[in-house]
Amino acid sequence: MGAVYGDYLIVGGEKWRIIEKGGIRWEGEKIVEVGEGVEGEYLGEGSVLLPSLVNGHTHLEFSGNRGKLRYGKGFVRWLESVIAHREEILNRCREECYRQEVEKLIDSGVTAIGEISSIGIDIDYLGQAPIEVVLYNEILGLNPGAVDFLYSDFLARVEESQKVAEENSNFKVGISIHSPYSVHWKLVEKGLEIAKREGYPVQTHLLESRAEREWLEKEEGEFKGFFGEKFPFARRQFSPIQFIQLFEGVKVGFVHLTHGTGEEMEAIGKIGGGVIHCPISNRLLEGTTLRWDLGRNYNLPIGIGTDGLSSNYTLNIWEEMRVALFIHQSTPPLQLAQELLTSAFYWNRKILGLEGGELKPENPADFIAITLPEPQLEELEQLPLQILLHTTSTPRVYFRGKKLK
C-alpha cells in the first residue's frame, strides 16, 4: 500500500490527459485511486508522475560489444562484422553483464522489455529479473539441410522459457522470426504455428535496409553477392507483402521498416500489427529511418526500442526518444514529444501484449516519477517536450507497487 502525488500527473493511455497536483494510491500490485486530492507523499517541486516505460526491442545478449562492429558503411558491411565477431561478443556477456544492463534499464524508468533471445543464455537471468520480460525466442537459419536441427534447438529454448514463465508471472514467452531473408520458410511456418497455438506475441525484423528490399523484390542488390559468397543455398522466399500476410492471426511487431512504403504499412494495419522504431540503430547501420508520419497516417501502433548494443551505444530509452525527436522533422516537436512518450509507455505494451500504460484503478501500479529543472511551467503543453529534453535518469521507479529505485 502506498500513495504519492506530484505537481503533474500524466495519466497515459492512447489519449493524453494531464492532472495538476495529481496523485496515485495503490494497494498490493494494483492502482486503486488516481487524480486530484490523493493524500500521500508529496514528491516536491517540479515533480511529474507518469506510467513506467517499456523498451520495445532489445538484444541484451550483445551487451558485450564496445566498438567491435562496423558502423557507417552500410547494413551489409555491419552484418559481415557481426558474423565475424558474434561468438566473441556473446561470450562477453553473462550473468553480471545482464544484471548491470537491467539496472541501467531500471535507472531510465523501464519496467518491461521485449528481449530477442537467439541462443538462450539470457533465459535464466531474465527469468529472475525484477522487471517484466517478454522473451522472444528467435529462430534463424536458411540452410535446407539444417532445418530439423535448427527447429529442435529453437523448440528446446521455447520449452525452457515456458518453464520459467510457469514460475514467474512477469516473464512471458514470445517468438521471433528473425527476418524474411534469413529464415527458411519451413522454420517460419513452424515458428508461427507455435505462436498461433499458444497465443505468443511475435517480433520480426523487416525492411531494415535497401539491400533487403532489393533482395526480396528481385533477388538482386548487395545481398546477392553476400549470399553468393557466404550462403550459396539462400534464395528469395517472400515479397515484403507476402511475408507480412503470414503473420495474420498473431500479435506481431515489425521492427525497423526503414525502407517500408505505404503499401507495407497498409498491409500491417490490415492484420492488426504494429511497428517498433529503433532510430539510433537505423542511423548507424543504414543512415535511413522509419517514415514516422507515414505510419501515423495508416493509424499503426508505433513503439520504440533501443535495439541491442550491437547497433547502439546505449540502452537508454530517453536517449532513443531524443534522437527520434530530432530525426523526424516533419512532425512538430510538441506533438512528436507526446507521441514518442506514448510509444514508450503505451504502444510498446500493446505491441508486446502487456497490461498497463495508463494510470487508472485496477491497472498495475507501474509508474515513474521525474523532476523538471524548472518547477513551474508557464504553458502546460510544454510538459512532454520538457520531459523529453531534460530526462536521462529516473529518480523513482515503481513496478507492481514495489519501489525499484
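A short reminder: the numbers here are calculations on the coordinates, not readings from a lab. The shown structure was predicted, so the numbers you read here are calculated from the model rather than taken from an experiment. Using ideal geometry, Cβ is built from the backbone for each residue, glycine included, and neighbour counts are taken over all protein chains shown.
Descriptive notes on the structure:
- Förster radius 41 Å - calculated FRET efficiency between Arg92 and Glu39, Cβ distance, rounded to 0.05: 0.25
- Between Lys21 and Lys270, the modelled labels are 5.3 nm apart [label points 7 Å from Cα along Cα→Cβ].
- Potential extension, Val32-Thr288 segment - 0.36 nm per residue separation minus Cα distance: 87.7 nm
- Relative to its residue count, the range 257-405 spans a Cα convex hull of 134 Å³ per residue.
- The distance between label points at Glu193 and Lys360 comes to 4.0 nm (points 7 Å beyond Cα on the Cα→Cβ vector).
- Scanning the chain for cysteines with no neighbouring cysteine C-beta under 4.7 angstrom from their C-beta gives Cys278.
- Lys/Arg +1, Asp/Glu -1 at C-beta; the range 172-299 dipole; positive extreme among Val202, Ser239, Thr261: Val202
- Per-peptide average of other Cβ atoms within 10 Å, ordering 52-65, 348-361 highest first: 52-65, 348-361
- Stretchable slack from Glu103 to Thr261, in nm (0.36 nm times residue separation minus alpha-carbon distance): 53.1 nm
- Highest-MSF residue in the chain out of Gly305, Gly191, Gly114 [GNM, Cα springs under 10 Å]: Gly191
- For the chain, built as a Gaussian network whose Cα springs stay under 10 Å, the top-fluctuating residue of Ile89, Ile139, Ile106: Ile89
- Proximal lysines relative to Lys230, as straight alpha-carbon distance under 27 Å, when same-chain residues fewer than 8 apart are discounted: Lys68, Lys73, Lys186, Lys190, Lys218
- Annotation: extensible slack from Asp124 through Leu389 equals 91.8 nm (criterion: 0.36 nm per residue apart, minus Cα-Cα distance).
- Residues Val183, Val147, Val202, Val134, arranged from fewest to most other Cβ atoms within 10 angstrom of their Cβ, appear as Val147, Val202, Val183, Val134.
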